[in-house]
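First comes the structure, then the notes that go with it.
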Amino acid sequence: MRAARAAQALLLAWLLDGCAALGPGTTQPELPDFALPQVLQPRERSAMDLIPYRELTRADFRAENPPAEFAGHAFEAGAFTCASLAPIGDTLAFFRPTRVPGVYLARFENVGFRAQMDRSCSWWNARSVGLPTAYLLEHEQIHFALTEIAARRLTAALRALRVEDSSDRAMARLREEYEALLGDAKDELLRTNTDFDRATSGRYAPEEQHGWLERVSRDLVESAESAAAASARRRARPGGGGAAPAPSPAPPEPTTPGAPGG
């Protein structure tokens, strides 16, 4: 069995999520473009203040100025969260012959992703926007939770990935599948965050937002349970034809997003 370090993007493109505010009792049929999640290119890592997924507090929003991407509209929002999918450690790609002559198996080992928030990029509007602080904080927590859920699903898909092909194609196909799964994860992350903002941003919608809170809380628990079951199956799998699989890093423990008033 041969092992090679798999190249990974340091961070997938950052997603900038905010909560636009028009005040309690105010609604609008469609959010303007500036109020929807946007994809940003990563900054220099040395300039970031990164934390993994956990419950957020007001103090986690440390940017002194609103994001430049929102120009003159920034102060119409209550807060912005800069979150991304980030790889956990080094990923190895294993490559070995199968029992079929000329056919090789390629797979990943120790592959994993997690959500990260850049506190130096995330901004809280100190001006009143007519929405309760607890509502705004819960909103940004849900955005962060959606990123963590996407990271866990991407991790599960990559750990399950197996490619069988000729010796000169197996590793190339593994890389292609890897890139495709990363792209799908980024697209899905943007879609779910956009759906969430369309349902809850630009107005005061506590019932709709609480429904999303329940959804992400459930998904966090289920994804952690699925990861634990998959890890147990890998440990129970009999070894053969090469080195025994190294233990994969477990996803972060599920954290229920903060509820209003908490």
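Among strands (runs of 3 or more DSSP E) entirely within region 49-157, having at least 2 residues that are at negative phi and more than 24 Å from the chain's Cα centre (by Cα) singles out 92-97, 104-109. Residues of region 153-165 that are out of contact with any strand residue (DSSP E or B) (no Cβ under 7 Å at 6 or more places or on another chain) and either more than 15 Å from GLY112 (Cα to Cα) or without any contact (Cβ under 8 Å) to a residue 40 or more places away in the chain (or both): ALA157 alone. In the set ARG218, ARG169, only one residue is out of contact with any Leu (no Cβ under 9 Å at 6 or more places or on another chain), surrounded by fewer than 18 Cβ atoms within 10 Å (Cβ to Cβ) and under 22 Å from SER231 (Cβ atoms); that residue is ARG218. Name the single residue, out of those in region 158-196 being among the hydroxyl-bearing types (Ser, Thr, Tyr) and assigned to a helix (DSSP H, G or I), that is farthest from ARG218 (Cα to Cα). Among residues in region 158-196 that are among the hydroxyl-bearing types (Ser, Thr, Tyr) and assigned to a helix (DSSP H, G or I), the one farthest from ARG218 (Cα to Cα) is TYR178.
Filtering region 106-148 to residues that are under 22 Å from MET48 (Cα atoms) and among the aliphatic types (A, V, I, L, M) leaves ALA115, MET117, ALA126, LEU137, ILE142, ALA145, LEU146. Selection of region 211-228 for residues being more than 13 Å from GLU138 (Cα to Cα), of a type in the set (A, V, I, L, M) and touching a Pro at 6+ places or on another chain (Cβ under 8 Å) yields LEU220, VAL221, ALA224, ALA227.
Do you know which of the residues in region 166-182 that are in contact with a strand residue (DSSP E or B) (Cβ under 6 Å, 6 or more places away or on another chain) and hydrophobic (A, V, I, L, M, F, W, C) is farthest from THR57 (Cα to Cα)? Residue satisfying both the conditions and the ranking: ALA170. Pairing residues of region 206-218 that are touching a residue at least 24 places away in the same chain (Cβ under 8 Å) with residues that are surrounded by 20 or more Cβ atoms within 10 Å (Cβ to Cβ) and not in a helix (DSSP H, G or I), at Cβ distances under 9 Å and at least 6 apart in sequence or on separate chains, gives LEU213/PRO257; VAL216/PRO257; SER217/PRO254; SER217/PRO257. Scan region 176-189 for residues that are in contact (Cβ under 8 Å) with a residue 40 or more places away in the chain and within 15 Å of GLU148 (Cβ to Cβ) and jot them down. Correct list: ALA185, LYS186, LEU189.
Of the residues making up region 197-218, just one is part of a helix (DSSP H, G or I), of a type in the set (A, V, I, L, M, F, W, C) and at pLDDT below 95, namely ALA199.
The values are calculated or read from the model by the stated rules, or taken from the named source; none is laboratory data. Computed from a prediction, not measured in an experiment: that's the story for all the values here. Note that each Cβ is placed from the backbone with ideal geometry, even for glycine, and that neighbours are counted across all protein chains shown.
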